[in-house]
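Following: one structure in structure tokens, then a few remarks.
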Number of protein chains: 2
Amino acid sequence: MSTAEETAGGETSAWAEVTPDAARRLLIAAVEAFAERGYHATTTRDIAGRAGMSPAALYIHYKTKEELLHRISRIGHEKALDILRTAAHREGTPAERLADAVSSFVRWHAGGRTTARVVQYELDSLGPDARAEILALRRQCDAEVRAIIQDGVAAGDFDVLDVKGTTLAVMSLCIDVARWFNVDGPWTPDEVGALDADLVLRMVGAK
Amino acid sequence: MSTAEETAGGETSAWAEVTPDAARRLLIAAVEAFAERGYHATTTRDIAGRAGMSPAALYIHYKTKEELLHRISRIGHEKALDILRTAAHREGTPAERLADAVSSFVRWHAGGRTTARVVQYELDSLGPDARAEILALRRQCDAEVRAIIQDGVAAGDFDVLDVKGTTLAVMSLCIDVARWFNVDGPWTPDEVGALDADLVLRMVGAK
DNA sequence: GGCCACGCTAAGCGACCGCTCACCTTGGGC
DNA sequence: GCCCAAGGTGAGCGGTCGCTTAGCGTGGCC
């Protein structure tokens, strides 16, 4: 596949950068627990237990429970930004790049729903500093999508009333997938990605 | 105003049905606290404090903290359903009804962002029974929107590939407003409602 | 083989959680 | 004026939380 999807990656392979092994296992356990129950409802004992370790082992690799969420959020947002950047900077018309960006981004939210849920909805549980850092990454994501739409308008390929507002709506469509998508439901991530890409092209009035 | 917006109501007037007065004050305090910090990060002491009462007073009017979330969720979803029903059953073309439904629903999510946040994102904190009850209301909301789109397709006014998927996308656009909307931001709820209504008409290929 | 650094555990600390209970105040009926 | 129901409070219970500390096992280096 020559789209940006290859960077969407699998559910667990995305954490290869986290070392040593015990730290990665704890991080993956935390992602699962946060996605299922939410950050505040998850206990450090639960995380350690899922990783097959005692509660105290967590604090050898992470200073606090919040540091776990921070690391997860940063890695997740960097992945999201990577997906959008790859699509935005590839060859092709604005319509092709926008469709690639949306379908890849939606696929990531649907397929890696566990991670995406934590990344998109647990931001408010971070402290002010970490939160500000993550928000900066999020603004960069918006900017990538806005740039594609801007290009399409400049080239006369798109018909858009409000570029900023339409960008936000496109992001809404992608992000909200993490809220409702169900792996046991009637759609595959690919199908939702294709459908939403079509809908977004309609939203921007692509010729 | 002859749209469905009149049923969108104010932020606090929506809880007039809750009596006695102390129970309503506690409920409004809980809505604010849940919206700011999330259900699990909110303490019963915080809720009672916001309502100007001692921690024990909460348990005179509500059996548990979860009952508060349950009541909030049910009233909120009933309000959402009411807004969508009003728009779906009014006079007019499918396009007019869909635009009314989306703009009213978006206005409710933007203006009553505090309530909408709790209603849309704290569902998982409910127990299985309460959660099932709320999910039924949510399916009814989807059904109202789907019916409008179905009407438009049947009348030949809309051009839609996948009615069910498009319905979900429309709901995503509306609901996600509660995640990003900021009262200090550049838009009023009315403006976002109008923009999203336009985008939705494009999504369904309205003539 | 002695030794130490490292990764981990068992036990537990202080704080705070949801919730309860014994008691207090107050306003209306007779 | 007395009484009781309704609605409130202060204190606190049992439990669990995030996190710490003292000590244990083990693999690599000389």
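Across the range A:24-44, which residue is least open to solvent (accessible area, probe 1.4 Å) among those that are of a type in the set (Val, Ile, Thr) and under 18 Å from the mean Cα position of the chain (by Cα)? Looking at residues that are of a type in the set (Val, Ile, Thr) and under 18 Å from the mean Cα position of the chain (by Cα), I get A:Val31. Candidates are the residues of the range A:67-77 that are of a type in the set (A, V, I, L, M) and either within 14 Å of DNA strand D (Cβ to nearest atom) or open to solvent by 10 Å² or more (accessible area, probe 1.4 Å) (or both); the one that is farthest from the other protein chains (Cβ to nearest Cβ) is A:Ile75. Only residues that are more than 11 Å from DNA strand C (Cβ to nearest atom) and of a type in the set (A, V, I, L, M) were counted across the range B:52-79, and they come to 3.
So, in the range B:186-196, exactly how many residues are more than 10 Å from chain A (Cβ to nearest Cβ) and surrounded by fewer than 23 Cβ atoms within 10 Å (Cβ to Cβ)?
Our first condition is that a residue be more than 10 Å from chain A (Cβ to nearest Cβ); within the range B:186-196, this holds for B:188-190, B:193.
Filter once more, keeping what is surrounded by fewer than 23 Cβ atoms within 10 Å (Cβ to Cβ): B:188-190.
Total meeting the criteria: 3.
Note on the range B:124-134: residues that are over 23 Å from A:Ala33 (Cβ atoms), open to solvent by 50 Å² or more (accessible area, probe 1.4 Å) and of a type outside the set (Gly, Ala, Ser) total 2. A search for C-beta distances below 9 Å between a residue of the range A:32-58 that is more than 20 Å from B:Val118 (Cβ to Cβ) and any residue that is open to solvent by 50 Å² or more (accessible area, probe 1.4 Å) and of a type in the set (Phe, Trp, Tyr), counting only pairs 6+ apart in sequence or on different chains, returns A:Thr44/A:Tyr59. As a summary of the residue check, B:Lys207 satisfies the conditions (1) within 9 Å of chain A (Cβ to nearest Cβ); (2) assigned to a loop (DSSP other than H, G, I, E, B) except for the one numbered (1).
Would you call A:Ala80 without any contact (Cβ under 8 Å) to a residue 40 or more places away in the chain and either surrounded by 19 or more Cβ atoms within 10 Å (Cβ to Cβ) or part of a helix (DSSP H, G or I) (or both)? No; evaluated as a whole, the condition is false for this residue.
Of the candidates B:Thr93, B:Thr86, B:Thr64, the single residue that is of a type outside the set (Gly, Ala, Ser) and loosely packed, with under 14 Cβ neighbours inside 10 Å is B:Thr64. Of all the numbered requirements in (1) of a type in the set (A, V, I, L, M, F, W, C); (2) in a helix (DSSP H, G or I); (3) touching a residue at least 60 places away in the same chain (Cβ under 8 Å), A:Phe158 misses one, and that requirement is (2).
Just wondering, is there one or more residues in the range A:122-138 that are away from every other protein chain (no Cβ under 12 Å) and farther than 23 Å from A:Arg74 by Cβ? Checking the range A:122-138: not a single residue is away from every other protein chain (no Cβ under 12 Å) and farther than 23 Å from A:Arg74 by Cβ.
The values are calculated or read from the model by the stated rules, or taken from the named source; none is laboratory data. Computed from a predicted structure; not experimentally measured. Cβ atoms come from the backbone with ideal geometry, glycine included; neighbour counts cover every protein chain shown. All accessible areas refer to the heavy atoms of the entire protein, side chains included, with ligands and DNA or RNA removed. Shrake-Rupley method; radii C 1.70, N 1.55, O 1.52, S 1.80 Å.
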